[in-house]
Amino acid sequence: MKVHVSPGVCGLEAVITAEANAMYEVTLTIHSDCERVRRLAEGLSGVSALDELRAPLHETATYKAAGRAGLHVACPVPCAVLKAMEVACGLALPADVQIQICR
């Protein structure tokens, strides 16, 4: 499962690859020119999707790692990581997600 994230004005795109095994353990690879997203990736090499998707948002390994990495509070990458994980495990259908800023 591959997810491409265009985060907005910063222009520092990310590509997330999520591979899941039968036990819902997910191996994540995240590529980005953003130093903070790369730090996020270092803290999230392997994750239990069931643990992540059952936890309250602020208790997920994904958002804890995002905080440690210093990601901007509105960065869409952590959300995209969780969505990639969910789809890779077959727990959600692969559908695009969009945030549209209307002026």
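No value in this document is a laboratory result; all are computed from the given coordinates. Please read all numbers here as calculations on a predicted model, not as lab measurements. In this analysis, Cβ positions are derived from the backbone assuming ideal geometry, glycine residues included, and neighbour counts consider all displayed protein chains.
Structure values in brief
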| quantity | calculated |
| --- | --- |
| Helical contribution to [θ] at 222 nm, DSSP H n ≥ 4, -39,500 (n - 2.57), averaged over the chain, rounded to 500 | -9500 deg cm²/dmol |
| C-alpha center-to-center spacing [segment 14-40, segment 50-103] in angstrom | 11 |
| Net charge of Cβ neighbours under 14 Å - reference ALA20; Lys, Arg +1; Asp, Glu -1 | -3 |
| Projected-area mean, segment 2-88, by convex hull of Cα positions, square nanometres | 4.8 |
| Net charge over other residues, Cβ less than 15 angstrom from the Cβ of VAL73 (K, R count +1; D, E count -1) | +3 |
